[in-house]
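Single-structure report; data block below.
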Amino acid sequence: MENELNQRQKRIRVAIRLEIITIAWMLMETAGSIISGVVANSMLLMAFGMDSVIELASALLLYWRLAKEANVEPVELEHMEAIETKASRISGYMLLCLSVYVVLQSCAGLIYHHKAEPSYIGLTIAVIAALGMPVLAKAKIRIAEKIGSKALRADAMETITCGYLSWVLLTGLLFNILFHLWWLDNVAALVLVPFLINEGRDAINGECSCHADES
């Protein structure tokens, strides 16, 4: 029994390290995307950056929760679950609001022929995220299954979504640099909207593609 407990604690510490990597990257991704989005007048980059803010908040919350469990403080688990549920709902509503904002701004950009400038910083962020997020997500899913954590698996789903969005971002930015199509940034931003709505709805409902019991 003690052996199993020690094994679980080791796996939780691995999960904590994965969340530290996520937090560090999301901080850079958020700052880089939003700042380069403002400089380049790119709705696509700004939408991606705002989604990263939500993912950063989720990662911070999960890190706190895992750290508590690593320190063997089971008394607070119920309290943490309540906070997690509340935070998840708030994040979900924020994503839905972000979706509305992206639709309005992108439609206005298409009507008034708004053009985004090429952003090589944004392109670099997109390449790193597109290649790195799937690897990080797989590592999270593997640990989540071993410790039976629905919360960690849900976070892994967000990481996978970030990977999908990165490919949309990468395609939009690359085509903008190569072909200078004035409408492409706004259209690519609209492509993000279904992902944002789906992620927001799942966060509000507390849903994820999980089969393990809650940790």
Where Rh is the Kirkwood radius over the Cα pairs of segment 2-205, the temperature 4 °C and the viscosity 1.567 mPa s, what D in µm²/s does Stokes-Einstein return? 74 µm²/s
On a 0 to 90° scale, report how tilted helix 77-111 is relative to the longest principal axis of the chain, with both axes built from alpha carbons and the result rounded to the nearest 10. 10 degrees
The chain - mean residue ellipticity at 222 nm from DSSP helices (-39,500 (n - 2.57) per run, n ≥ 4, rounded to 500): -30500 deg cm²/dmol
Rounded tilt (10° steps) of 184-205 against the dominant C-alpha axis of the chain: 30 degrees
At a threshold of 8 angstrom on Cα-Cα distance, excluding pairs fewer than six apart, so keeping six or more, what relative contact order does the chain reach in percent? 29 percent
When the Cα centres of segment 91-111 and segment 149-173 are compared, how far apart do they sit, in Å? 19 Å
Within 10 Å of each residue's Cβ, count the other Cβ atoms and sort CYS162, CYS97 from fewest upward. CYS97, CYS162
Could you work out how far helix 120-147 tilts from the main Cα principal axis of the chain, as a 0 to 90 degree angle to the nearest 10? 20 degrees
Leaving out same-chain residues fewer than 8 places away, which lysines sit with a Cα under 25 Å from that of LYS138? LYS10, LYS68, LYS146, LYS150
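Read the figures in this text as sums done on the coordinates, not as results from a lab. Owing to the predicted nature of the structure, the values given are computational and were not obtained by experimental measurement. FYI the Cβ positions are ideal-geometry reconstructions off the backbone, even for glycines, and counts take in every protein chain you see.
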